[in-house]
Amino acid sequence: MKAAVFTGFGPPEVVRVMDVNLPTPSNDQVRIRVVASAVTASETMMRGLKFPRRYRILMRIMFRLRPPSRPLIPGIVFSGEIESVGRKVTTFKPGEEVFGLSQWKGGCNAEYVCCSATGLIAARPASLSHAEAAALPYGGLLASLLLRKAAIRPGQRALVYGASGAIGTATVQLAKHLGARVTGVCSTTNLALVQSLGAERVVDYTREDFTASDEHYDAILDAVGKRKSAPAMVNAARALAPGGTIMSVDDFRPWLRAEELRVLKQLAESGELRPVIDRTYPLEQIAEAHRYVDEGHKRGNVIVTITGSSAT
């Protein structure tokens with residue numbers, strides 16, 4: 001099968017499309033014919049080893065020990081059709097269309113991927129194309145976790161920093177669904193997008209410092225991550241209401257719940273959650289997709305479609 005493969009760590013050019021062995025599902029797995037996947041910021045950080053030194057050393061060692069028969073295939077998001085199931089799987093059957101997240105194990109930027117039938121997998125939202133479905137799990141699940149950890153309640157004032165990215169666009173919509181009054185922080189070009197997602201107020205960070213205004217918030221949510229948001233969040237406490245909380249997506253390990261994926265499906269089908277897609281690339285242009293995500297200005301998600309499949 002065709003798959004994107006890391007040939008090393010470094011710039012986007014280390015990601016190449018190659019022929020690799022077809023994965024075989026274990027007893028409790030399903031094999032999925034992938035129609036659409038994505039390139040996320042998490043994957044580009046791994047590819048570029050943009051982590052603390054101790055983690056960079058560990059990842060280099062693991063890469064060297066990986067046998068040639070098991071190449072490192074990126075991609076943690078999938079939407080596609082179940083092609084076969086393991087003998088112990090009873091919850092899914094061949095022909096069903098599903099979407100989800102591969103539990104951070106990668107492998108989804110390929111024609112086929114094997115995933116646990118009890119993992120982060122659910123029936124594809126009937127109202128969404130495969131490309132749109134692939135734009136839900138990464139940002140949606142991390143946004144759900146962020147809001148759960150922050151204990152967002154109806155009527156609270158919530159500010160979302162980085163409101164136009166994959167996690168941010170989902171956070172704005174899910175916070176509104178929970179009854180919060182949402183302020184989004186983004187760049188000039190994304191003001192209309194964030195407002196269309198339900199933000200009551202939008203702050204252009206290129207012109208205004210949200211920490212210097214008279215507005216105060218019950219929750220300030222960093223949907224970007226501390227590697228990029230640190231300078232802007234230095235004085236965030238100034239904008240915090242008494243008893244409020246400041247939380248970043250980097251403040252906890254990403255323990256994600258399968259039931260939250262099913263909630264995302266229901267919200268998408270009801271129209272309360274809209275996937276945001278910036279650009280779509282064919283698998284053959286995977287390096288270009290990584291290059292674009294590296295620029296750090298994407299709106300929502302960057303989707304990868306698989307050759308020979310329809311993402312509609």
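Stretching Asp19 away from Asp214 to a fully extended chain increases their span by 64.5 nm, per 0.36 nm per residue minus the current alpha-carbon distance. Here Lys105 and Gln266 are evaluated by their C-beta separation; at R0 = 30 Å the FRET efficiency comes out at 0.70.
For region 141-248, what percent of Cα pairs sit more than 20 Å apart?
27
Note on Glu295 and Asn235: the model spin-label points, each 7 Å out from Cα along the C-beta direction, lie 3.1 nm apart.
Counting Lys and Arg as +1 and Asp and Glu as -1 over every other residue whose Cβ lies under 12 Å from the Cβ of Gln195, the net charge comes to 0.
Less than 11 Å Cβ to Cβ from Glu97, Lys/Arg counted +1 and Asp/Glu -1: what total charge do the surrounding residues give? With Lys, Arg at +1 and Asp, Glu at -1, the net is 0. For region 66-139, applying the loop criterion from DSSP together with a ceiling of 13 other beta carbons within 10 Å to the trypsin sites (Lys or Arg not before Pro) yields Arg87, Lys88. Sticking with the crude label model, points 7 Å out along Cα→Cβ, report the distance from Ala123 to Thr91 in nm, one decimal please. Taking the simple label geometry, Ala123 and Thr91 are separated by 1.4 nm. Computed over the chain with a Gaussian network model linking Cα atoms closer than 10 Å, the most mobile of Pro137, Pro125, Pro254 is Pro254. Across region 141-248, the relative contact order, built from alpha-carbon pairs under 8 Å that are at least six residues apart, equals 28 percent. Derived scalar couplings between HN and Hα for region 154-166 equal x, x, 6, 9, 10, 10, 10, 8, x, 6, 9, x, 4 Hz in order, rounded to whole Hz, by the Karplus curve 6.51 cos²θ - 1.76 cosθ + 1.60 (θ = phi - 60°), x for Gly and Pro. Remark: region 275-288, residue by residue, has Karplus-estimated 3J(HN,Hα) of x, 10, 10, 7, 9, 10, 10, x, 3, 4, 10, 4, 5, 5 Hz, where x stands for each Gly or Pro and the curve is 6.51 cos²θ - 1.76 cosθ + 1.60 at θ = phi - 60°. When each of His297, His290 is scored by the number of other beta-carbon atoms lying within 10 Å, the sequence from fewest to most is His297, His290.
Backbone amide hydrogens, once placed in the peptide plane, bring Val276 within less than 5 Å of Asn301, excluding anything fewer than 5 places away on its chain. The residues neighbouring Leu283, those whose beta-carbon lies less than 12 Å from its own, together hold a net charge of -1 under the Lys/Arg +1, Asp/Glu -1 convention.
Here, each number is a calculation from the coordinates, and none is a lab measurement. Worth saying up front: this structure is predicted, and the values here are computed from it rather than measured. Using ideal geometry, Cβ is built from the backbone for each residue, glycine included, and neighbour counts are taken over all protein chains shown.
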